[in-house]
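Asks: One structure follows; several queries about it will come next.
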Amino acid sequence: MSISKDEVKHIANLSKLNLTDEELEKYTNELSDIVDMANELSNIDVEGVKPTAHILDIQNVFREDIQQPSYDRELILKNAPSKDAGCVSVPKVVE
Amino acid sequence: MDLYSLTLADVAKKIKAKEVSIKEVLDDIYSRIDTVEPKVEAYITLTKEKAYERAQVLQQKLDNGEDIGPLGGVPIAIKDNISTEGVLTTCASKMLENYTPIYNATVINKLEEAGAIVIGKTNMDEFAMGSSTETSKQKETKNPWDLDRVPGGSSGGSAAAVSAQMAYASLGSDTGGSIRQPASYCSVVGLKPTYGLISRFGLIAFASSLDQIGPFARTVEDAALMLNAIAGHDEKDTTSANLEEKDYTKALVNDIKGKVVGIPTDFIREGISPDVKEAYDKAIETLKGLGAEIKEISLEYAKYSLATYYIIATAEASSNLGRYDGIRYGYRAKDFKDLDDLYRKTRTEGFGSEVKRRIMLGTYVLSSGYYDAYYKRAQQVRTLIVNNFRKAFEECDVIMIPTAPKVAFKFGAHDASPLEMYLEDIYTVPVNIAGLPGISIPGGFGENNMPIGIQFIANAFDEMNLLQVAYTFEQNTPYHNEVPTMRGGNN
Amino acid sequence: MKDYEVIIGLEVHAELSTNTKMYCNCSTEFGADPNTHCCPICTGMPGVLPVLNKKVVEYATKAGLATNCEISRFSKQDRKNYFYPDLPKAYQTSQYDLPLCIGGHLDINVNGEQKRIGITRIHIEEDAGKLIHDAYTGDTLVDMNRCAVPLIEIVSEPDIRSADEAVAYMQTLKSILEYLDVCDCKMQEGSLRCDVNLSVRPRGQKEFGTRTETKNLNSFKAIHNSIEFEIKRQIEEVENGGKIYQETRRWDDAKGIGYAMRTKEDAHDYRYFPEPDLAPIVLSEEYIQNLKDNLPEMPHIKKERYMKDFDLPEYDADILTSSIKTAKFFEEANDICNNPKAVSNWIMGDFTRMLNEKEIEIDESKVTAQNLAELISLIDKGTISSKIAKQVFEDMFETGENAKDIVEKKGLVQMSDEGAIKEIVQKVVDANPQSIADYKAGKDRAIGFLVGQIMKETKGKANPQIVNKLLLEIINK
């Protein structure tokens, strides 16, 4: 296994996903297969090769600082599963 | 002759010449949908009411002597990951089963400016993650050529709708082959334009540096008309290229004498099935016969595309899909004890297993300690692949490879191994990695009389050459004239 | 108890005073109704894309230049991934390994001594929304107006050694940002706030102690008190053989106590990666030079000039230039009345006291620079006495009326008519023979009493010099 159950648990946590024991087993196997494939790349000599973050050679794409009307609040909140007092509502945030 | 079997170009002409009314065209296509949709299940949502309203407006304009645009009155289907204001946009996910965008994607505005009528939203793999449309949580779309087989994916609904003549053309999105592969499986034309040619604003992101919207059509001419409508710079998309607009119908020249077609023999060796190989070899002969020069080229790093793709695409996806947390829109779990529980239950219940798999893989490759080994390295290999293609295009005008290594498979064939499913994308993924334009066009029939697609790839923003070669191939081969039989589907 | 050294680094967040948000055209205005300055982009709806506000780069570059930073010719934006209800996209667009500005410094003054504080970096990033506790339902409400308001984060080196130094650093930084006009620096509205990283170690020890981070301090008082609190806490902990945990802390300003947050910092793995939806920022020499050439006069330069041009003491110049608003007010008033020392005295004296009492800033006062200049001119011309002027100023401060109108309406014009004053002087002298006798017996204090009586008679309007002159003339006759 190129990826351990503990690692899968950790990334599931980071991703805010719950896994049953069965799923943990299954994903550990599957992700290991995929990571094995991804490990193919470790054989390639990439010394000094610039990473490509953007396929187009773009730079300095800016917008002018000109205000435009915002959306109606009703629309902004239209899809919210729970709302109250003009706001989206969530369970109490504990700091 | 039934209206629905006309090409987009022909029906647009008939509307303009007032040989048919837009309403008649709509009536006809919706009646076709009524007949065929129960078998094919290409659509998630039909937008009948809005479509008829628009038809009326457009007809009035036309009757007043106004120009209603090159796509005036033509019914078009849209993949369900492209935002349509006031129309459900689900990404075929439980997560967005009740989500209605409050704005239009730029391509929707552009299509409407060109006079098109959106008739419905099509099925897809959940969040465009898949190669068969089987990961949809909404519908099971069938391949119109054999209802027991998948239509391909992720834009399976858009491909099937055009193939089954339930739309004159459609929009899909292509991150690793999601337009070209289903086009190949369903024997239609599927075009993935150069990254940056089409605005991504409003396309629900899967992998931002790879995603690109493109058309499905029944002919190359129709694809060119669709491209004309949707291409162009958009100030709302930082990665949109600011180039002079072109008329892609000018590429529709039936002549490829002297064009150099690159054949990457080193890349097309593994995993290809005999019937696809046969069709491909035949295509080479066809091109030769039409006066093209066939040239062997090398794409030594292309074989690493799949690994590169699964690192970059999943990393970006893991971040892009963080916003589905049950707070501002979409699915929210019913029972939760606190905020964290809400996040977890919502995402656990709202996402399907393929989406979860990719989110976790993407999270893994970006997580502390692994970034350099995976993400950064994949970006470096991406550079090598880009350079490979750049060098190749110094020697040829277009590259030809099969679209997929095999014909459409049966439902459930890859359930046991996601990795096997990923291998279906081997020929399409390099094009996304390099940001190039690619097109799949009908290229023959193989095992069980299932369609085979031939893929052409051109240099960045060289859609003109791409379309010209594809058009010439199409005009000199019979495959695009075949219509699907809709056999099977009893089990 | 051992002698401890305190190590402090500040992360200052300054909201940039652009018209629009970082990536969309919504307003950045403070105080609007919840969720009314929002659009699909800043609320992270599916399918949206960001386009960077040009002014953000300009303002951040200016801040970098004014704090002696190197401006990156190539920088990029990255995504910082984490889940929180105030973060609609579940990632904050920030800058990771290639920030816009690196390696600067600021000189601060503490108790008359100058000290240089290093600046590690300045990067651009988007602000998060606001969470409101709903006391009625117990839920938390999310207001997304502040989502994607542009920020710069200014990270200092761990060069700060005390609460006083931290406050001085913050004050200096605030003053510079105000001079640049890139941030309104309204700390009470949260547009300027800071996180304090703090550790202690026995003096002489090489390695740093474990540091804590106290987040979101938005007043000088809170910065000062939270630091004092945390220093004391850490030293006590160490002295008692306890352990300092690397943790994120909050400061309760009302109760004057700090406490650890429940969220565990070590659970975070932000998975930074280059933002694929945004282009790299590539700045030319020309662009940077142009901004550099057009930077406004900075506080320390202005201070030198005030001392030289206006002959003001260092103390005055320092206070006048510490805020651009005060400096502007000073210059505007002085341009009109041409009496720098008087303007300075007014600003530093009663005016500042009254502003502090009202807890407002100089530009929020009803008194304009022109008003103050006119008042000073009235004194200079002898129209009113300085004593009356104080009274007039109080009226000006309350009502916003100009000095002349108040003086006229209330009949406060100074009496300088010698004939009229002489009459009153004579009358007071006649009525107080005992005081005259005292004076002549050598009790100088009697003069003061007589002047007081005369001023009382004239309701304080008599020109005091004339009163003095005439009084002595009459007594000594």
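Asks: Among the residues of region C:125-137, which ones are assigned to a strand (DSSP E or B), within 12 Å of chain A (Cβ to nearest Cβ) and either in contact (Cβ under 8 Å) with a residue 40 or more places away in the chain or more than 18 Å from residue A:93 (Cα to Cα) (or both)?
Replies: C:130, C:131, C:132
Asks: Shifting gears a bit: Got a sec? Which strands (runs of 3 or more DSSP E) wholly within region B:380-491 have at least 1 residues that are more than 20 Å from residue B:187 (Cα to Cα)?
Replies: B:398-402, B:451-458
Asks: Select from region C:108-117 the residues that are modelled with pLDDT of 95 or more and open to solvent by 10 Å² or more (accessible area, probe 1.4 Å) and list them in ascending order.
Replies: C:115, C:116
Asks: Which pairs do you get when a residue that is more than 20 Å from residue B:125 (Cβ to Cβ) and open to solvent by 10 Å² or more (accessible area, probe 1.4 Å), found in region B:73-100, comes within reach of a residue that is in a loop (DSSP other than H, G, I, E, B) and among the aromatic types (Phe, Trp, Tyr), reach meaning Cβ atoms under 9 angstrom, with the pair 6+ apart or on two chains?
Replies: B:85/B:103; B:100/B:329
Asks: Also, quick follow-up: Check C:27, C:75 and return the single one that is assigned by TED's automatic domain parsing to the domain that holds residue C:164, over 20 Å from the mean Cα position of the chain (by Cα), modelled with pLDDT of 95 or more and farther than 24 Å from residue C:96 by Cβ.
Replies: So the residue among C:27, C:75 that is assigned by TED's automatic domain parsing to the domain that holds residue C:164, over 20 Å from the mean Cα position of the chain (by Cα), modelled with pLDDT of 95 or more and farther than 24 Å from residue C:96 by Cβ is C:27.
Asks: For region A:41-68, name all the residues that are touching a Ser or Thr at 6+ places or on another chain (Cβ under 6 Å) and β-branched (Val, Ile, Thr).
Replies: Answer for region A:41-68, where residues must be touching a Ser or Thr at 6+ places or on another chain (Cβ under 6 Å) and β-branched (Val, Ile, Thr): A:49, A:52, A:61.
Asks: Okay, next question. Considering only region C:340-398, state which residues are closer than 24 Å to residue C:458 by Cβ and basic (Lys, Arg).
Replies: C:381, C:387, C:390
Asks: Now for a separate question. Can you name every one of the helices (runs of 4 or more DSSP H) wholly within region C:233-333 that holds 3 or more residues which are modelled with pLDDT under 95?
Replies: Of the helices (runs of 4 or more DSSP H) lying wholly inside region C:233-333, those with at least 3 residues that are modelled with pLDDT under 95 span C:299-309, C:314-321.
Asks: For region C:188-229, name all the residues that are in a loop (DSSP other than H, G, I, E, B) and either closer than 25 Å to residue C:243 by Cβ or free of Cβ contacts under 8 Å to residues at least 40 places away in the same chain (or both).
Replies: C:203, C:204, C:205, C:206, C:207, C:208, C:209, C:210, C:211, C:218, C:219 - these are the residues of region C:188-229 that are in a loop (DSSP other than H, G, I, E, B) and either closer than 25 Å to residue C:243 by Cβ or free of Cβ contacts under 8 Å to residues at least 40 places away in the same chain (or both).
Asks: Quick check on this structure: which one of B:207, B:241, B:167 is within 14 Å of chain C (Cβ to nearest Cβ), out of contact with any Leu (no Cβ under 8 Å at 6 or more places or on another chain) and either in a strand (DSSP E or B) or in contact (Cβ under 8 Å) with a residue 12 or more places away in the chain (or both)?
Replies: Among B:207, B:241, B:167, only B:207 is within 14 Å of chain C (Cβ to nearest Cβ), out of contact with any Leu (no Cβ under 8 Å at 6 or more places or on another chain) and either in a strand (DSSP E or B) or in contact (Cβ under 8 Å) with a residue 12 or more places away in the chain (or both).
Asks: Further, regarding this structure: Suppose we filter B:257, B:288, B:246, B:295 for residues that are more than 14 Å from chain C (Cβ to nearest Cβ) and either part of a helix (DSSP H, G or I) or open to solvent by less than 40 Å² (accessible area, probe 1.4 Å) (or both); which single one remains?
Replies: Result: B:288 is the single residue among B:257, B:288, B:246, B:295 that is more than 14 Å from chain C (Cβ to nearest Cβ) and either part of a helix (DSSP H, G or I) or open to solvent by less than 40 Å² (accessible area, probe 1.4 Å) (or both).
Asks: Any residue at all in region C:1-11 that is more than 9 Å from chain A (Cβ to nearest Cβ) and closer than 19 Å to residue A:63 by Cα?
Replies: no
The values are calculated or read from the model by the stated rules, or taken from the named source; none is laboratory data. This one's a predicted model, so the numbers in the text were calculated from it and none came from an experiment. Don't worry about glycine lacking a Cβ; one is built from the backbone with ideal geometry, like all the others, and counts go over all protein chains shown. Please note that ligands, DNA and RNA were not included when accessible areas were found on the heavy atoms of the full protein model with its side chains. Shrake-Rupley method; radii C 1.70, N 1.55, O 1.52, S 1.80 Å.
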